[in-house]
Amino acid sequence: MTAQEIHNILNDQFAGTILDAKLENVPDPFVKIAAEKILDVAVFVMNDERLQFDYLMCLSGVDYKGKLGVTYHLFSMTHKHKIVLKVEVPTETPNVPSVESVWKTANWHEREAFDLFGLNFEGHPDLRRILLPDDWEGHPLRKDYQTPEFYNGMKVPY
Amino acid sequence: MGLLDQKFENSNIVVTTMDNLLNWARLSSLYQMQFGLACCAIEMMAASASNFDMMRFGVIPRATPRQCDVMIVSGTVTLKMASRIKRLYDQMPEPRYVISMGSCSNCGGPYWEHGYHVLKGVDRVIPVDVYVPGCPPRPEALIEGLIKLQEKIRNESSVQKKAV
């Protein structure tokens, strides 16, 4: 199924929540969704027989300067088609519904996005830091992050 | 036995200093703590394997720090790991030595500029005796570092006070 057809199916089901799409001449065609609806969209694309996106390949956090975003790369094992879903949230209130109930692999991916960007996934059963130490302050992959001077008595800069 | 049993044909009484004997015993049987963190660990494994064979120098890897003499810190030391390295170093009994292998544990390596999570050199938490440069150092370079450590041990003296 082509990206245009997938976009049409999503538009029929969720008219109004599709904010943007880029489907031609890009290696990864994407569809931008409003952040509050991502869980409904995720349940739909997982269960609908024409789409059946049962494999979340990757969930990444992004920092567009001024806003934070999440990108979901989906693949269907039965139909062998791919799509990318994007959401954007403001940096002051980075709350995104968690899709962990749909794709279990999102458990660790969302923990990584929380650890490095500070995105708060609502409904995640165990949202805590996964890569950095538990008492680390700050979220390093944000664009305005400053390297700390000391961590637990050790000097951090060169 | 190597060299010692060829020297003395008539008698089997050897006269030497206590320092010589202890140093020779220590440098010939440096039990290594298996401490591979990242890519340098692969080169350390290659140095222990058949082509370069560190075991002929008496360097046997031991899993527990309580039974080893030398800790070869090979790989990137993150800030999360640094407190664990300090704890493991404290658990090693004296005389203990540290070889810092590779540029990440020497000075932070390729992560010196932007690595917010990397400890720029393991000598910020533990005292290091020998630094082996390279990214990663070839197994021969690691064995040269080991020989340099053996020369350092050969020149030690039990009556001379040490800094640490």
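Quick note: the coordinates plus some simple rules give every number you see, no bench work behind them. If you're wondering where the values come from, they're calculated on a predicted model, not measured in any experiment. With ideal geometry, Cβ positions are generated from the backbone for all residues, glycine too; neighbour counts draw on all protein chains shown.
Conditions first: (1) under 17 Å from the mean Cα position of the chain (by Cα); (2) away from every other protein chain (no Cβ under 14 Å); (3) among the polar types (S, T, N, Q). Residue B:51 passes all but one, so which condition is the exception?
With (1) under 17 Å from the mean Cα position of the chain (by Cα); (2) away from every other protein chain (no Cβ under 14 Å); (3) among the polar types (S, T, N, Q) applied to residue B:51, the lone miss is (1).
Just name the residue that is nearest to the other protein chains (Cβ to nearest Cβ) out of those in the stretch A:140-158 that are in contact with an Asp or Glu (Cβ under 7 Å, 6 or more places away or on another chain) and over 20 Å from residue B:85 (Cβ atoms).
The selected residue is A:141.
Output the number of residues of the stretch B:81-97 satisfying the condition of being touching a helix residue (DSSP H, G or I) at 6+ places or on another chain (Cβ under 7 Å) and free of Cβ contacts under 8 Å to residues at least 40 places away in the same chain.
So the count comes out to 2.
Given the structure, is residue A:49 surrounded by fewer than 20 Cβ atoms within 10 Å (Cβ to Cβ) and not in a loop (DSSP other than H, G, I, E, B)?
Here the answer is no, as residue A:49 does not meet what is asked.
Contact list please: Cβ distance under 7 Å, first residue in the stretch B:120-142 and within 12 Å of residue B:74 (Cα to Cα), second residue part of a loop (DSSP other than H, G, I, E, B) and of a type in the set (Val, Ile, Thr), pairs at least six apart or on different chains.
B:122/B:77; B:122/B:128
Only residues that are part of a helix (DSSP H, G or I), within 13 Å of another protein chain (Cβ to nearest Cβ) and in contact with a strand residue (DSSP E or B) (Cβ under 9 Å, 6 or more places away or on another chain): list them for the stretch B:75-92, please.
B:79, B:82, B:83, B:85
For the stretch B:103-136, enumerate the residues that are of a type in the set (Gly, Ala, Ser), buried (at least 20 other Cβ atoms within 10 Å of the Cβ), more than 8 Å from chain A (Cβ to nearest Cβ) and in a loop (DSSP other than H, G, I, E, B).
Result: B:115, B:121.
Can you name every residue in the stretch B:137-164 that is small (Gly, Ala, Ser) and either within 14 Å of chain A (Cβ to nearest Cβ) or surrounded by fewer than 14 Cβ atoms within 10 Å (Cβ to Cβ) (or both)?
B:157, B:158, B:163
Looking at the structure I just gave you, is residue A:69 assigned to a strand (DSSP E or B), touching a residue at least 60 places away in the same chain (Cβ under 8 Å) and either closer than 30 Å to residue A:2 by Cβ or charged (D, E, K, R) (or both)?
So residue A:69 does not fit the description; no.
Out of A:21, A:42, I need the residue that is among the small types (Gly, Ala, Ser) and assigned to a helix (DSSP H, G or I). Which one?
Result: A:42 is the single residue among A:21, A:42 that is among the small types (Gly, Ala, Ser) and assigned to a helix (DSSP H, G or I).
Hey, can you tell me all the residues within the stretch A:116-138 that are without any contact (Cβ under 8 Å) to a residue 40 or more places away in the chain, within 11 Å of chain B (Cβ to nearest Cβ) and under 17 Å from the mean Cα position of the chain (by Cα)?
Within the stretch A:116-138, just A:129 meets the criteria.
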